[in-house]
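Participant: My structure is below; once you've seen it, I'll send some questions.
What follows draws every value from the coordinates through simple rules; no lab data is involved. Bear in mind that the values here come from a model prediction, so they are computed numbers and not experimental data. Here Cβ is always computed from backbone atoms with ideal geometry, including for glycine, and neighbour counts include all displayed protein chains.
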Amino acid sequence: MTTSFDAIVIGAGVAGLTAAAIVARGGLRCLCIDRMGPGGLLINLGALVDCPDLPAGTSGPDHVASLTDDAMGAGAELAIGEVQSLRPGDVWTVQTESESFTARAVIVATGLGNGRLGIDDEARFEGQGLSHCAACDGPLYAGADVMVAGADRWALQEAIELAETAGRTTVVTGTATLDTADPRIRHLTSLPNVAVLPGRILGLQGEDGLQSVVLDQGGRQAAVPVRGLFVYTDRRPATDFAGDLVTRDEGLRIRVDENQRAGASLLYAAGDVRAGAVQSVAEAAADGRRAGQAVLGALAG
């Protein structure tokens with residue numbers, strides 16, 4: 001059996017929940033569907049930064065609970081499922097592994113997936129020293145040396161959290177140049193147990209879990225002893241279900257216009273899945289508001 005809605009939001013992170021609340025509050029029947037449940041990666045964050053509209057100290061789970069209550073209070077329906085395909089027609093058909101839904105409009109808000117290094121043996125160390133979540137796995141490495149791969153806002157925030165309990169935290173930035181005017185970076189580099197290094201990770205070593213990371217710095221290679229490696233490089237969106245219905249940038253994120261339209265009729269994208277997004281909670285919320293308002297405008301009457 002197929003269940004019909006006015007709009008379906010794929011992804012229940014900040015952008016998705018914000019969009020769903022706006023659409024539902026506008027009187028439309030809206031489904032917000034996510035493969036894991038509400039919150040996305042935000043559920044793993046501690047105190048949020050760059051969120052001037054939120055009370056100081058608001059955590060990721062706190063904000064998720066507020067956004068979920070807002071969306072459900074507005075009348076949005078929530079579902080758990082992994083979208084397998086998105087098909088156009090007189091209405092859009094959204095197919096999960098077990099259910100089929102239709103809607104006049106669709107908003108893609110799937111965010112970004114886990115980081116990748118793109119090196120041999122990467123999969124072998126998953127859960128054996130290689131991680132993607134400081135809040136989840138950081139306590140496992142209390143007092144131990146760890147490394148963070150990445151230089152975007154997410155990576156730096158995770159490094160700050162890890163540095164609170166780790167013996168030493170080494171941040172490998174790749175080719176990125178850090179903005180020293182960013183207060184987050186100034187705070188990170190002021191910590192006595194943090195080192196920020198340009199370089200590239202070439203390999204992972206260890207017989208019983210991760211023991212060291214092979215690092216290339218300008219042609220000089222060295223094995224850096226670490227017990228945990230937190231990877232935030234090459235994070236890509238989960239949008240295979242959209243096929244060639246959308247155009248993507250070099251990072252496979254969806255290109256949109258100023259109203260979050262993704263090219264096809266009544267198809268929108270919002271949040272970190274959008275090309276050009278800066279991966280901040282505030283911008284994801286702004287994207288969700290624009291997308292939700294665009295759907296209301298398009299479906300009005």
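Participant: Just wondering, is there one or more residues in segment 57-66 that are over 20 Å from the mean Cα position of the chain (by Cα) and under 19 Å from ALA291 (Cβ atoms)?
Facilitator: no
Participant: Tell me, which strands (runs of 3 or more DSSP E) lie completely within segment 89-172 with 2 or more residues that are within 19 Å of TYR232 (Cα to Cα) and touching a Phe, Trp or Tyr at 6+ places or on another chain (Cβ under 8 Å)?
Facilitator: Filter on segment 89-172 gives 145-149.
Participant: Right, next: Test each condition in (1) touching a Lys or Arg at 6+ places or on another chain (Cβ under 7 Å); (2) buried (at least 20 other Cβ atoms within 10 Å of the Cβ); (3) not aliphatic (A, V, I, L, M) for GLY113 and report the one that comes out false.
Facilitator: (2)
Participant: Hey, could you check segment 125-147 for residues that are free of Cβ contacts under 8 Å to residues at least 60 places away in the same chain and over 20 Å from the mean Cα position of the chain (by Cα) and say which is surrounded by the most Cβ atoms within 10 Å (Cβ to Cβ)?
Facilitator: The residue in question is ALA142.
Participant: Looking at segment 232-245, which of its residues are among the hydrophobic types (A, V, I, L, M, F, W, C) and surrounded by 22 or more Cβ atoms within 10 Å (Cβ to Cβ)?
Facilitator: ALA242
Participant: Quickly run through segment 247-287 and pick out the residues that are under 27 Å from LEU45 (Cα atoms), crowded, with 24+ Cβ neighbours inside 10 Å and in contact with a strand residue (DSSP E or B) (Cβ under 8 Å, 6 or more places away or on another chain).
Facilitator: Of everything in segment 247-287, those that are under 27 Å from LEU45 (Cα atoms), crowded, with 24+ Cβ neighbours inside 10 Å and in contact with a strand residue (DSSP E or B) (Cβ under 8 Å, 6 or more places away or on another chain) turn out to be ILE254, GLN260, TYR268, ALA269, ALA270, VAL273, ARG274, ASP287.
Participant: Could you please find all residues in segment 232-264 being over 14 Å from the mean Cα position of the chain (by Cα), within 27 Å of HIS132 (Cβ to Cβ) and basic (Lys, Arg)?
Facilitator: Across segment 232-264, the qualifying residues are ARG248, ARG255.
Participant: Any chance you could count how many residues in segment 128-141 are under 22 Å from ILE185 (Cα atoms) and either in contact with a His (Cβ under 8 Å, 6 or more places away or on another chain) or of a type in the set (A, V, I, L, M) (or both)?
Facilitator: So the answer is 2.
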